[in-house]
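The values are calculated or read from the model by the stated rules, or taken from the named source; none is laboratory data. This is a predicted model, so every value here is computed, not measured. Every residue, glycine among them, receives a Cβ derived from its backbone with ideal geometry; neighbour counts consider all protein chains shown.
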Amino acid sequence: MDKNTTQQLKKLRKQLREAQENQRYKPVIREKPAEPDHHALFLAAMKDVAPLKNSEKISHIPPAPSPWPKGLYVESPVLNDSMSDFWPWDELEAGEQLMHMKPGQKLDTLRKLKRGDWQAEAELDLHGENIDSARTQVAQFLYHCQQRQFRCVRIIHGKGLSSASGIPVLKLKLKNWLAQMPEVLAFAQANPFQGCAGAVLVLVKSAK
């Protein structure tokens with residue numbers, strides 16, 4: 001075999017080796033599977049389902065939204081109905097303190113309440129309210145305090161200094177309302193550090 005033939009064979013072998021290497025490392029391109037036809041799949045799944053003969057639809061009227069803000073609506077109207085203005089306590093003596101306790105409470109309950117042994121967990125200020133609005137505010141306030149398991153709360157009724165007659169009207173009304181409400185176990189005039197003659201501390205009955 002002459003020299004030229006040997007060189008040609010070497011060149012040809014080199015080309016074959018390169019072709020094999022390129023074929024070995026050639027990337028594999030896989031086609032992306034087609035997206036399934038969801039409508040066709042649904043029809044295939046429902047092929048044995050028979051449609052209902054009566055296709056009439058009933059439209060339900062959605063309930064109207066409540067005009068009351070969430071968390072402020074008093075569900076039971078008994079709260080307001082039980083707070084009557086017609087009550088035997090029609091007068092307050094000069095300097096008389098708000099103080100009352102339901103039967104079945106411990107004898108020192110009023111003393112502890114007035115002394116401030118229970119810390120007020122919530123407060124309602126009735127300044128600027130008339131009798132009707134104050135009644136509603138007190139009902140809502142005590143209802144939600146009971147739902148939140150508040151033990152002692154404070155209601156500020158004022159001293160009546162801005163009233164035309166100088167008489168604390170809300171103080172008398174509040175005394176009547178609280179005495180009638182089943183949610184109230186006891187109430188007493190606040191001590192000087194908690195409002196004194198212008199506020200009352202209320203002991204709330206636990207919700208069942």
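Return the total of residues in segment 190-202 being closer than 15 Å to ASP117 by Cβ and in a strand (DSSP E or B).
Of all residues in segment 190-202, those closer than 15 Å to ASP117 by Cβ come to 190-191, 193-194, 201-202.
Among the residues that remain, those that are also in a strand (DSSP E or B) are: 201-202.
The number of residues fulfilling the criteria is 2.
Pairing each residue of segment 177-200 that is free of Cβ contacts under 8 Å to residues at least 60 places away in the same chain and of a type in the set (Gly, Ala, Ser) with any residue that is in a loop (DSSP other than H, G, I, E, B) and buried (at least 20 other Cβ atoms within 10 Å of the Cβ), provided the two are 6+ apart or on different chains, yields C-beta distances under 8 Å for GLY198/HIS157; GLY198/GLY158; GLY198/ALA190; ALA199/HIS157; ALA199/ALA190. Each residue in segment 97-130 was checked for being in contact (Cβ under 8 Å) with a residue 40 or more places away in the chain and on the phi > 0 side of the Ramachandran plot, and 1 pass. Looking at segment 52-74, I want the residues that are under 30 Å from CYS145 (Cα atoms) and have a partner that is at pLDDT below 70 and surrounded by fewer than 10 Cβ atoms within 10 Å (Cβ to Cβ) with Cβ atoms under 7 Å, at least 6 apart or on another chain. Which pairs are those? That search, which allows pairs on different chains as well, returns TYR73/SER66. If we scan segment 6-29, do we find a residue that is in a loop (DSSP other than H, G, I, E, B) and either modelled with pLDDT of 80 or more or in contact with a Leu (Cβ under 9 Å, 6 or more places away or on another chain) (or both)? The answer is no, given that none of the residues of segment 6-29 is in a loop (DSSP other than H, G, I, E, B) and either modelled with pLDDT of 80 or more or in contact with a Leu (Cβ under 9 Å, 6 or more places away or on another chain) (or both). ASP81 falls short on exactly one of the conditions (1) surrounded by 12 or more Cβ atoms within 10 Å (Cβ to Cβ); (2) of a type in the set (D, E, K, R); (3) modelled with pLDDT under 70, and that condition is (1).
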